[in-house]
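I have placed the structure first, in the form of structure tokens, so that the comments after it can refer back to it.
The values are calculated or read from the model by the stated rules, or taken from the named source; none is laboratory data. All of these numbers come straight from a predicted model, not from anything done at the bench. Don't worry about glycine lacking a Cβ; one is built from the backbone with ideal geometry, like all the others, and counts go over all protein chains shown. To get the accessible areas, we keep the full protein, side chains included, count just its heavy atoms, and leave off ligands, DNA and RNA. Shrake-Rupley method; radii C 1.70, N 1.55, O 1.52, S 1.80 Å.
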Amino acid sequence: MKNPKTIYILVGAFCVFAIIAAIFTEISKHSQKDLNTNVVNTDNNNQIQEKTQEEIKNELNSLLINNLIVNNCDTNSIVKINNDKDIVYSAFDIENQNDKYEVDIHLPVINIQSPVAIEFNDITQSIFADKAEEILNYKEQEKTIYSVNYAAFINENILSLIIKSNLKVGNDTQRIIVQTYNYNIETGQKLEFIDILSQKNIIQSECKNKIKETIERANEEAQILVNAGYTVYNRDIDNEMYQLTNISTFLVGPNKSLYIIFPYGNQHFTSEMDVILYE
């Protein structure tokens, strides 16, 4: 009888071990599944999140410290108007305030002897310098707050300059105006937006979609404010300004980053703008 008992004991022990093994196998499967899930989540968390409009605009504003970044580019062969100055420098700086105005103005000049550069300087004069002169000569009837700042970058053969002004007259809506100039320092020619897309190997259809998505998202956010009773700038996605061939306000900044800017204050009394970034 001992032998049968031993057999029963062994069979029973085997069954127990089999059950335990099955349990551990199932636990192992679930643990591996959980581990895989965590890896996927970790990968998702490590993905670069797309920057918000607020982050991009803040980043762009942080560049406007009124200087030129040459990025080790040789500018010695460029014929200057004033040999004692950089190819972009601040020709007029004033910070002052009284009971009629508060101003913080830094007006840049492109110091290159070429018809295109001179044309750019004329535009700066008509948009920014004339307004500064008007304010400083007390031609505004109400107290005026006016600031102008700029940034300039050279990336290989591209000189890119941005000028941004903030204007607030009395109780009027604040207005932001942005002007950019993009210049090929080798050929002396103005660079068009399509030229920059080609140089950066950006597919035009992809760029169109990115602009469309940005504007549509901005409209959705604006609609929320409208529903809450606020007055906001209304974007028209079908406006010709969004066509690639019509885009004229763009900046090639640090590390050749491309900022595509839609400054609605250039044509309307608003501080609204949309900015698309290619890093």
**Prompt:** Which one of these is over 27 Å from Tyr89 (Cα atoms) and buried (at least 17 other Cβ atoms within 10 Å of the Cβ): Val178, Val169, Val226?
**Reply:** Val169
**Scope the stretch 190-223; condition closer than 16 Å to Val252 by Cα and surrounded by 13 or more Cβ atoms within 10 Å (Cβ to Cβ); matching residues** = Lys190, Leu191, Glu192, Phe193, Ile194, Asp195, Ile196, Leu197, Gln199, Lys200, Ile202, Cys207
**Fill in**
Within the stretch 115-128, the residues that are touching a residue at least 24 places away in the same chain (Cβ under 8 Å) and either in a strand (DSSP E or B) or crowded, with 18+ Cβ neighbours inside 10 Å (or both) are Ala117, Phe120, Thr124, Phe128
**Item:** Residues of the stretch 122-176 satisfying the condition of being over 21 Å from the mean Cα position of the chain (by Cα) and at positive phi
**Value:** Tyr138, Gly170
**Fill in**
For the stretch 208-240 the number of residues that are under 23 Å from Ile194 (Cβ atoms), assigned to a helix (DSSP H, G or I) and among the hydrophobic types (A, V, I, L, M, F, W, C) is 2
**Message:** Can you find a residue that is crowded, with 17+ Cβ neighbours inside 10 Å and under 30 Å from Tyr233 (Cα atoms) anywhere in the stretch 88-102?
**Reply:** yes
**Prompt:** Which residue, of Asn58, Asn76, Asn66, Asn82, is open to solvent by 70 Å² or more (accessible area, probe 1.4 Å), at pLDDT 50 or above, not in a helix (DSSP H, G or I) and not aromatic (Phe, Trp, Tyr)?
**Reply:** Asn76
**Fill in**
Taking the stretch 131-180 and the residues there that are small (Gly, Ala, Ser) and part of a strand (DSSP E or B), the one that is nearest to Leu191 (Cα to Cα) would be Ser160
**Request:** Test Asn72 against the stated conditions and say whether it is touching a Ser or Thr at 6+ places or on another chain (Cβ under 7 Å) and on the phi > 0 side of the Ramachandran plot.
**Result:** no
**Prompt:** From the residues in the stretch 244-279 that are assigned to a loop (DSSP other than H, G, I, E, B) and touching a Gly at 6+ places or on another chain (Cβ under 8 Å), which one is least open to solvent (accessible area, probe 1.4 Å)?
**Reply:** Ser271
